[in-house]
2 protein chains.
Amino acid sequence: CQICDDAASGFHYGVWSCEGCKAFFKRSLQAMSSGPVDYVCPATQNCTIDRQRRKSCQACRLNKCIQMGMSRGNCRRERERPGKANRKKKGDDAQTSPPKVRIKEEKDGNRSPVAGSSSTAAAAAAAAAAAAAVVATPPPAPQAPPAAASNEPVPIHTLVAHLMRVDPPVRHANHDHSLPDTWENLTASLFKLADFELMDVITWAKNIPGYSALSLKLRIHLLEACWMEVLIIGLLWRSQNHKDCLMFAPDLEFDRTRIRIAELESISTPILRLSQLFTRLHVTREEMVLLRVLALINSDICGDNDEERSLQEDLQQSVHEAFEYTVIRRQRQPLSRLLNLLSLLPHVRMAAMLSLQQISEIKSSLRLPLEDLLNEMMEGSTKASRTMTP
Amino acid sequence: CQICDDAASGFHYGVWSCEGCKAFFKRSLQAMSSGPVDYVCPATQNCTIDRQRRKSCQACRLNKCIQMGMSRGNCRRERERPGKANRKKKGDDAQTSPPKVRIKEEKDGNRSPVAGSSSTAAAAAAAAAAAAAVVATPPPAPQAPPAAASNEPVPIHTLVAHLMRVDPPVRHANHDHSLPDTWENLTASLFKLADFELMDVITWAKNIPGYSALSLKLRIHLLEACWMEVLIIGLLWRSQNHKDCLMFAPDLEFDRTRIRIAELESISTPILRLSQLFTRLHVTREEMVLLRVLALINSDICGDNDEERSLQEDLQQSVHEAFEYTVIRRQRQPLSRLLNLLSLLPHVRMAAMLSLQQISEIKSSLRLPLEDLLNEMMEGSTKASRTMTP
DNA sequence: AAAGGTCAGACTGACCCTG
DNA sequence: CAGGGTCAGTCTGACCTTT
Ligand SMILES: [Zn+2]
Ligand SMILES: [Zn+2]
Ligand SMILES: [Zn+2]
Ligand SMILES: [Zn+2]
């Protein structure tokens, strides 16, 4: 099949194509004859169309059909229009008017013509017009860049939305589940995951408005002081509703047994308790995101430089406003909610300190090597006097 | 729906989501339980997921589900109690609540003659009532008791005034200034002072309304977990406006020289920085008092007992209201002020952990004996897993 | 309220019928 | 052979039942 690389069953509509693409184009023609097609590409109009993925994007599939030359005019043996053979639909009859389509359009809410490729061509004007309409669809521009104007006051809702967008994503650990659950295997997967997540954390910090305005020294200092807290907040949030289970990644969850094998019992106690608290509070993603940002800018107080501190305080101020925007406008007892969320941070701080000490012991015992970035950050946080330096 | 922007039908798998995304994630879970899913993105793992496009890319839809925090609450049939089912609420909801609710509540044989307050309108009334319930338990109150009548709602300002009254006083160290500044002399005076202050802390805790209602076990646990933080908050407050100087007592101030002699350099760095922050914020005594109470009730989360936790949450609630009363009604940016104060607590927690570790090392090195009460509390805080137990 | 189950409706494509 | 219909299989999500 020239469209999907599947085995072709013949020369359909002018193209060597498979049964599936043939039927798909057939249905598209029928749909087009009775109104515009509402296929919408979920991405940027250049989806890969192969046997496995051809179902995913109708817009790109039809587009490729047309690009490869499919059209009704190419039919070698065209049959007369059988008058829109009515399906077993209950309501209206065939004829000309398509109320069904209209109803559907209305129900869809009919948003602004974002990326919808709608062929308004008449029924007779088949492929060529459709091709023009489909191909003309512009890419949907998935991610608008953040309000990058550094001096301009950004509306809070934009700031919150931006922070939501740049928050470190949930990563998979790619843990080999065929390996036995030994201390080495589990700890190695945790280290690998942490190393991976640390890159996300660094990228995230860079994308926080105002962070880049700080001096390099302070930026590094804050990151070194907060990274474990940021990771732990994510862990706690992912572990919500998982009783006695730490969801390090969707494919790496630690139950009591694994915690014992990985020798995480001493630090898991406070973390599991914190996780229960997260669960009870139903911390939302918005709130989690803001807690992470607060953990970053509050990870340490640099008292030396007045100007620098002023910048940091500006950052704090905007985070405070973000909290106000997000939490305070709740219905029931918003202030108590805010205080409950903020009260989590001392516990997070403690959990981070314990975790850093645990890793530090592993590092100095040479039981297992640390990944590069993880190792670097460990040295940084030691320097930041987060751990005792014996 | 946080995933597709459609109308949400509830809080499913940890995310506010629509029926479609809920069912999709459910099917994905079922599929995942029997082998890895084979969703493949037709584009670049970056598809837009909205109401009309969510069907297009299963891979990106599932990924977004995970990113937004969806996960199975527990492997199988999970019965989850929100815990806040019914309490001794006194809020009334005459107008908004439909009568069927009332009927149901009465049929349940709820001893309380009123229905649960689910109305969003009666927030203020409920809050005041909750406060009344908390303070209803009359504390021993060696001085003027805040409320004699047990059912009478006590205004918050009375609570704040009472907390001001029972706050641990500033103690003198009775340090012998004729002695030379050696490590032994200075450390011994610090230990003696801490021991003395600890008695005040215990008395103070007993006088906090609602604290005595907690179980003995929890009372001890909270005290063991928070005492160092309470001492440090007092120290920080006393050290305001004293540059590079720790005012352990009016007659025992540590400048840089004494800090070096007493080998407190490693822990004094964060504490001195915190002290500068206190100075910049101009923390009032009222605020310091409330921070101490918050440090006490937030020193640990006991997750075992539902009823016990409810009492602790009531206590938290009244402290939150005290904060609101004290801080929020300021003139300029009260909320930012509140967040700044709360942001101190993680640093206090860290300073407390470092201090405990320092004392723990002295104790195990037998360089100097600890006073009785101090020794006891050290063991308690070690038990409370505040320090590493090597 | 939030799990899990249900099933009509929509889409797909292997297969069949017809010219 | 290719256009076009058929319909079982699959996915979806509004609705229902259970806890
Ligand atoms: Zn094909
Ligand atoms: Zn596409
Ligand atoms: Zn959705
Ligand atoms: Zn995709």
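Each reported figure results from applying straightforward, stated rules to the coordinates on display, with no laboratory input. Worth saying up front: this structure is predicted, and the values here are computed from it rather than measured. Glycine also receives a Cβ, built like all others from the backbone with ideal geometry; neighbour counts cover every protein chain displayed.
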- prompt: In sequence order, what are the phi-derived ³J(HN,Hα) couplings for region A:224-229 according to the Karplus relation 6.51 cos²θ - 1.76 cosθ + 1.60 with θ = phi - 60°, rounded to whole Hz, with x for glycine and proline?
  reply: 5, 7, 10, 4, 5, 4
- prompt: In percent, what relative contact order does region A:156-387 have, based on Cα pairs under 8 Å that are 6 or more apart in sequence?
  reply: 29
query: How many nm is it between the label spots at A:Thr269 and A:Ala23, if each spot is 7 Å from the Cα in line with the beta carbon?
result: 6.2
query: When all alpha-carbon pairs of region B:195-325 are counted, what percent fall beyond 20 Å?
result: 51
task: Using every pair of alpha-carbon atoms in region B:10-68, split the distances into 10 Å bins beginning at 0 and state the percent of pairs per bin, rounded to integers.
output: 23, 56, 21, 0
task: Let me see the pair-distance distribution of region A:248-323: every alpha carbon pair, 10 Å bin width, integer percents in order.
output: 15, 31, 27, 20, 7, 0
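Once you compute Rg and the Kirkwood Rh from C-alpha atoms, what is the Rg to Rh ratio for region A:153-264?
Value, to two decimals: 1.05.
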statement: Given a Förster distance of 56 Å, the FRET efficiency implied by the Cβ-Cβ spacing of B:Gln45 and B:Glu379, rounded to the nearest 0.05, works out to 0.55
query: If we count other beta carbons within 10 Å of each Cβ, what is the order of B:Phe25, A:Phe191, fewest first?
result: A:Phe191, B:Phe25
task: Can you list the distances in nanometres, one decimal and ascending, from the B:Gln67 label point to the identical position in each other copy, with the point 7 Å along Cα to Cβ?
output: 2.5
22 Å Cα-Cα threshold exceeded, pairs from A:Lys363/A:Lys383; A:Lys192/A:Lys363; A:Lys22/B:Lys22; A:Lys55/B:Lys64; B:Lys192/B:Lys243: A:Lys22/B:Lys22; B:Lys192/B:Lys243
statement: Computed for region A:226-313: size of charge dipole around the Cα centre, +1 on C-beta of each Lys and Arg, -1 on C-beta of each Asp and Glu, debye to nearest 20, value 700
- request: Output, in nm with one decimal and in ascending order, the distances from the B:Met32 label point to the matching label points of the other copies (7 Å from Cα along Cα-to-Cβ).
  value: 4.0
- prompt: So for A:Cys302, A:Cys60, A:Cys1, fewest C-beta neighbours within 10 Å to most, what's the order?
  reply: A:Cys302, A:Cys1, A:Cys60
field: Burial ordering of A:Val289, A:Val154, fewest other beta-carbon atoms within 10 Å first
entry: A:Val154, A:Val289
- prompt: Counting only other chains, what is the mean number of Cβ atoms within 10 angstrom of the Cβ of each residue in peptide A:270-280?
  reply: 3
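For region A:156-387, what is the convex hull volume of its Cα atoms per residue in Å³?
115
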message: Residue by residue through B:335-341, how many Cβ atoms from other chains fall within 10 Å of the Cβ on average?
response: 6
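In peptide A:246-258, how many Cβ atoms from other protein chains are near each Cβ within 10 Å, on average?
Mean shielding count: 1.
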Burial order of peptide ranges B:170-182, B:9-21, A:235-247, B:226-238 (average beta-carbon count within 10 Å, highest first): B:226-238, A:235-247, B:9-21, B:170-182
message: Tell me the relative contact order for region B:224-355 as a rounded percent, counting alpha carbon contacts under 8 Å between residues six or more apart.
response: 32
field: Potential lengthening between B:Thr284 and B:Asp176 on full extension [0.36 nm per residue; Cα-Cα distance subtracted]
entry: 35.8 nm
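Percent relative contact order of region A:10-68, based on C-alpha pairs within less than 8 angstrom and at least six residues apart?
29
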- prompt: Roughly what would the spin-label model give for B:Ser215 and B:Gln358, points 7 Å off Cα along C-beta, in nm?
  reply: 3.6
